[in-house]
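The values are calculated or read from the model by the stated rules, or taken from the named source; none is laboratory data. These figures come from a predicted structure and were not determined experimentally. Cβ: placed from backbone, ideal geometry, glycine included. Neighbour counts: every protein chain shown. Quick note on the areas: whole protein, heavy atoms, side chains included, nothing else; ligands and nucleic acids left out. Shrake-Rupley method; radii C 1.70, N 1.55, O 1.52, S 1.80 Å.
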Amino acid sequence: MNERDAGEKVEIPECERIGDGGTVTDSSSRGSSVPTWEGNTGDDGSALMDEVLQHENLAAAYRRVVRNGGAPGVDGMTVDDLGQLPRECFTRIWEEMRNGTYQPQAVRRVEIPKPDGQGTRMLGIPTVMDRLIQQALLQRLQGIFEPTFSEGSFGFRPGRSTHQAVLRAREHVAAGYNWVVDLDLAKFFDRVNHDILMARVARKIKDARVLRLIRRYLQAGMMEGGLVSPRSEGTPQGGPLSPLLSNIVLDDLDRELERRGHRFVRYADDCNVYVRSEASGKRVMASLESFLANRLRLKINRDKSAVGQPRERKFLGYSVTAHRKVKLRVADQSLRRLKAKLRPILRRGRGRNLGAVMRELAPVIRGWVAYFRLAEVKGVFGELDRWVRRKLRCNVWRQWKTPRTRFRELQRRGLDKAQAAQSAYNNHGPWWNAARSNLCQAIPTKDLRDLGLVSFIEEYRRLAHAS
């Protein structure tokens, strides 16, 4: 279902008058733009929930949830099911939110492998209805907190991206800050202290209903195997509110770094502080570890955190060169991660035709190059092309199975009898033969491209030209 279909399929009902609380009017008569929340409404700042429940805000949240899709929560309700709910169901929930009695459902526990292959990351998948409510809250809270966040913070912020963070990091290194304090917080999303987080939210939010609802989302139980366990800390990734809440907590770290005059870049719980010497880096590391423990009750992951030179560390998948003119390059860990992702696809290709393998490889290659298009060291893209082509030729060699078949196929593809015999009857394995000139001649790069193979280097050049 696309966004337009979602808007036509269901109309989010307005919240009706409840007691003396007033009515949230249908904003359609005032135009289609979403009103900007500039601060707390009223002298006592107690009307934010009314803003959350404005019809156009709820409709925008609904469209966003439908567009994002995602898996169902503990109730099994899908995004499509949400559009089929009767109007009375929505009205009842809006009333419960207005009078402060709404209780979120438990989140569904899901564990996914970490990109680096080291362990798993826990996600808490809210129900579709709770995702809708969280999105409606987010759209109003963002207007309050976003303008106050640090210029050094880039994660989960509208109009900011990983690429901007990487470019800012390169600026600091190019300015002569040749040592980096690479901070990684240990299980940050699982260990956020609820009281500390709510205290920081309450600095700007005075509506008790909103504060109560946020805390209930923080404390909503987690279901696994049919059992619900309570939660006293953490804000599991998976809901729309989680990224904003993480930035609210870590804004204290940003302000402390600014107060000290440090150059830094933070993306979610990954923070790099740039200094001029190793000694300075060690002092900063020690003081920040103490600050995080005492002020925010957070711990540094010692296995992933270190003081080093930027060329030896990675940030958001990138690293830099040691040249006088600093250049961005793809970090070695990112290359290993990509190859680990491609190997299963290539391995499955041993029993399939090459065209099917190319179709599966294409979106992975295009997405990877699009992310690493900022890299100024281009050699890695050509190396990856050669590695993938060798893997594909290796698969074809295995598919031919017997020396007799290999001899026949090589001759059919243009090799003379002596060349075909030399390759077909040697004692070397598929990987060795895949790099030899005879097999490269029999299965030329042009044929692989004709079958749909996407080239890393050509995709990189295309994106560089487009930009």
Original post:
Do we find a residue being closer than 29 Å to K341 by Cα, open to solvent by 60 Å² or more (accessible area, probe 1.4 Å) and part of a loop (DSSP other than H, G, I, E, B) anywhere in the range 443-464?
Top reply: yes
Original post:
Does any residue of the range 42-49 turn out to be open to solvent by less than 80 Å² (accessible area, probe 1.4 Å), at pLDDT below 90 and of a type outside the set (G, A, S)?
Top reply: no
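Here are S246, S280: which of them is out of contact with any Lys or Arg (no Cβ under 9 Å at 6 or more places or on another chain), under 28 Å from G70 (Cβ atoms) and part of a helix (DSSP H, G or I)?
Details: S280 fails: under 28 Å from G70 (Cβ atoms).
Sole residue among the options that is out of contact with any Lys or Arg (no Cβ under 9 Å at 6 or more places or on another chain), under 28 Å from G70 (Cβ atoms) and part of a helix (DSSP H, G or I): S246.
Condition check: open to solvent by 10 Å² or more (accessible area, probe 1.4 Å) and either among the acidic types (D, E) or without any contact (Cβ under 8 Å) to a residue 60 or more places away in the chain (or both). Does D303 satisfy that? Spell out how you get there, then give the answer.
Values: open to solvent by 10 Å² or more (accessible area, probe 1.4 Å): yes; either among the acidic types (D, E) or without any contact (Cβ under 8 Å) to a residue 60 or more places away in the chain (or both): yes.
So D303 fits the description; yes.
Please list, ordered by residue number, the strands (runs of 3 or more DSSP E) wholly in the range 101-210 having 2 or more residues that are more than 16 Å from the chain's Cα centre (by Cα) and closer than 19 Å to G221 by Cβ.
Values: elements: 107-113, 120-125, 179-184.
Counting at least 2 such residues, we get 107-113.
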Original post:
With F372, F407 as the choices, which residue is within 19 Å of I345 (Cβ to Cβ), crowded, with 17+ Cβ neighbours inside 10 Å and not acidic (D, E)?
Top reply: F372
Subject >> Spans of helices (runs of 4 or more DSSP H) in the range 351-438 with at least 3 residues basic (K, R) >> reply: 379-400, 403-412
Subject >> Top-ranked residue in the range 337-369 [being among the basic types (K, R) and within 19 Å of the chain's Cα centre (by Cα); ranked as surrounded by the most Cβ atoms within 10 Å (Cβ to Cβ)] >> reply: R337
**OP:** Would you tally the residues in the range 257-299 being open to solvent by 20 Å² or more (accessible area, probe 1.4 Å), touching a residue at least 24 places away in the same chain (Cβ under 8 Å) and either in contact with a His (Cβ under 9 Å, 6 or more places away or on another chain) or of a type in the set (A, V, I, L, M) (or both)?
**Re:** 2
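Just checking, how many residues over the range 211-221 are touching a residue at least 24 places away in the same chain (Cβ under 8 Å), open to solvent by 20 Å² or more (accessible area, probe 1.4 Å) and either closer than 19 Å to P243 by Cβ or not in a helix (DSSP H, G or I) (or both)? Don't jump to the end; show me each part of the working.
Going through the range 211-221, the residues touching a residue at least 24 places away in the same chain (Cβ under 8 Å) turn out to be 212-214, 216-221.
Adding the requirement that they be open to solvent by 20 Å² or more (accessible area, probe 1.4 Å) leaves 212, 216-217, 219.
Imposing the further condition that a residue be either closer than 19 Å to P243 by Cβ or not in a helix (DSSP H, G or I) (or both) reduces the set to 216-217, 219.
Of the residues in that region, 3 qualify.
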**OP:** Would you tally the residues in the range 410-429 being surrounded by fewer than 19 Cβ atoms within 10 Å (Cβ to Cβ) and touching a residue at least 24 places away in the same chain (Cβ under 8 Å)?
**Re:** 2
